[in-house]
Amino acid sequence: MNKFFLNLGVQPLANNFLKKFSSKQPTYNLKLYFNTKTKMVSISKRIPSSVMFNSKYPYRSSMSSTMQSSFKQLSSEIKKKFNPKLLLEIGSNDGALLTHFDKDRAIGVEPCKNLAKITRAKRYYTYDDYWDLKLSSKIKKKFSEVDLIYSANTLTHISNLNEVFKSINLILSDEGVLIIEDPSLLECIKNNAYDQFYNEHIYVFSAIALKNLLKKFNLEIFDVKNLPTHGGSLRYFIKKKNNKTRNVKLSVKKQFDKEIKNGLDKFKTYKDFATKSTKSKKLFIEILNKIKNNNKRIIGYGATAKASTVLNYCNIDNKIIDYFVDTTPDKSNRFIPGKNIKIKKYKKTLLDNVDYIYLGAWNFKNEIFKKEKAFIDNGGKFITHVPSPRIINK
Ligand code: TYD
């Protein structure tokens with residue numbers, strides 16, 4: 001049974017960066033639920049994939065050096081451990097991972113046509129379709145089977161998880177490996193990162209909920225790794241249950257134990273998270289108002305989907321935050337979804353005469369702090385809302 005635990009209010013689509021601000025953009029009510037049987041945490045409202053992931057999708061995987069080096073490292077690990085004859089990436093974005101593999105051994109699936117175009121131009125075989133049974137059958141006809149499927153921050157964006165895993169089962173070889181990577185619910189709860197929830201993040205997986213889901217498809221997790229990306233992610237290594245060539249590693253039990261210890265299987269944990277998120281909102285608004293009352297200047301850094309959730313939940317607009325800076329080409333000269341705050345193409349001088357920077361991309365704190373050492377050395381300060389709202393300068 002799905003039990004409600006948190007209402008994050010009326011929200012715009014978190015990647016809807018408009019050229020001209022309009023208060024009349026599409027919105028939905030963002031509410032979070034915990035399923036007491038499957039232990040899955042999800043949002044209630046399902047926006048059609050075609051509305052969220054289309055040729056205007058702005059997010060680019062290769063925009064940060066942290067992500068680039070993470071993909072580079074992973075590709076060497078995959079080659080060394082699994083040496084796949086054919087790898088399929090679901091949600092290949094701009095090819096940040098794919099391009100580390102030979103062109104005849106890697107194929108991509110990317111429904112956002114603007115992004116699929118980028119890997120196609122680099123001569124990687126890329127399907128610009130949504131991941132479903134129809135597409136999986138089409139790929140099967142052409143390639144017969146694949147022995148490694150990788151998917152990062154994509155499967156949790158698809159409403160029909162039954163079809164997702166059926167489609168995977170159809171094409172994955174018997175001894176093949178599925179690697180998926182998504183924000184960790186445990187880290188999200190620990191960080192009080194309520195901003196991990198928005199229209200695209202339909203689910204935030206715990207290892208426990210994923211295990212329950214995979215069971216239905218005769219799949220099982222055989223290894224799991226904690227990653228620092230996206231504010232704390234889990235990389236799951238999954239195999240077919242009948243495949244006895246790989247043992248289930250101790251890391252899997254350790255992750256389950258940790259999640260149980262932190263109550264991820266209990267509704268009360270989510271009620272507590274909701275209470276903390278409400279408090280976080282109050283404190284964040286207080287901190288920003290206090291700074292503004294002292295006539296100081298605040299800007300935002302990293303126009304993330306997460307920031308859009310925070311600013312709309314806390315109702316922060318351009319009276320508080322002058323503008324955002326961001327390196328993503330398709331976000332510049334546009335507005336934060338739902339808010340009259342302009343995003344400017346990042347350049348260092350945009351940080352001149354700024355007193356405080358709200359860290360929209362808090363998950364890239366280390367990378368950004370390194371890059372903006374001069375701002376900090378000159379007395380500039382950052383503001384974050386994770387794990388609780390505060391001013392930071394180290
Ligand atoms: P990310 O946290 O991956 O986004 P989301 O919450 O939307 O999934 O995105 C990071 C954003 O921050 C992206 O728009 C690029 C931007 N960014 C910068 O502008 N400068 C930087 O130095 C870094 C690391 C990120």
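A few notes on this one:
- For Asp326: the one exception among (1) modelled with pLDDT of 95 or more; (2) more than 12 Å from the ligand (Cβ to nearest atom): (2)
- Residues of segment 152-181 satisfying the condition of being touching a Lys or Arg at 6+ places or on another chain (Cβ under 7 Å), of a type outside the set (A, V, I, L, M, F, W, C) and under 22 Å from Tyr59 (Cα atoms): Ser159, Glu181
- The set of residues from segment 338-362 being surrounded by fewer than 22 Cβ atoms within 10 Å (Cβ to Cβ), under 10 Å from Tyr301 (Cβ atoms) and more than 10 Å from the ligand (Cβ to nearest atom) comprises Leu350, Leu351, Val354.
- Residues considered: Phe284, Phe217. Of these, the only one that is closer than 21 Å to Leu155 by Cβ, over 22 Å from the mean Cα position of the chain (by Cα) and in contact (Cβ under 8 Å) with a residue 40 or more places away in the chain is Phe217.
- Residue identified as within 16 Å of the ligand (Cβ to nearest atom), over 16 Å from the mean Cα position of the chain (by Cα) and of a type in the set (S, T, N, Q) among Ser70, Ser65: Ser65
A quick yes/no check of all residues on (1) buried (at least 18 other Cβ atoms within 10 Å of the Cβ); (2) farther than 23 Å from Thr275 by Cα; (3) within 16 Å of the ligand (Cβ to nearest atom); (4) not β-branched (Val, Ile, Thr):
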| site | (1), (2), (3), (4) |
| --- | --- |
| Phe5 | yes, no, no, yes |
| Gly9 | no, no, no, yes |
| Phe17 | yes, yes, yes, yes |
| Lys20 | no, yes, no, yes |
| Lys24 | no, yes, no, yes |
| Asn29 | no, no, no, yes |
| Phe34 | yes, no, no, yes |
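- Lone qualifier among Ser69, Ser75 - being closer than 18 Å to Ala152 by Cα, at pLDDT below 95, assigned to a helix (DSSP H, G or I) and hydroxyl-bearing (Ser, Thr, Tyr): Ser69
- 3 or more residues surrounded by 22 or more Cβ atoms within 10 Å (Cβ to Cβ) and among the aliphatic types (A, V, I, L, M): qualifying strands (runs of 3 or more DSSP E) within segment 89-161: 106-109, 146-152
- Sole exception among (1) more than 12 Å from the ligand (Cβ to nearest atom); (2) outside any strand (DSSP E or B) for Ser308, by number: (1)
- Which numbered condition Gly300 fails, given (1) more than 16 Å from the ligand (Cβ to nearest atom); (2) surrounded by 14 or more Cβ atoms within 10 Å (Cβ to Cβ): (1)
The values are calculated or read from the model by the stated rules, or taken from the named source; none is laboratory data. Model, not experiment: these values are computed from the prediction. Virtual Cβ from ideal backbone geometry, glycine too; neighbours counted across all protein chains shown.
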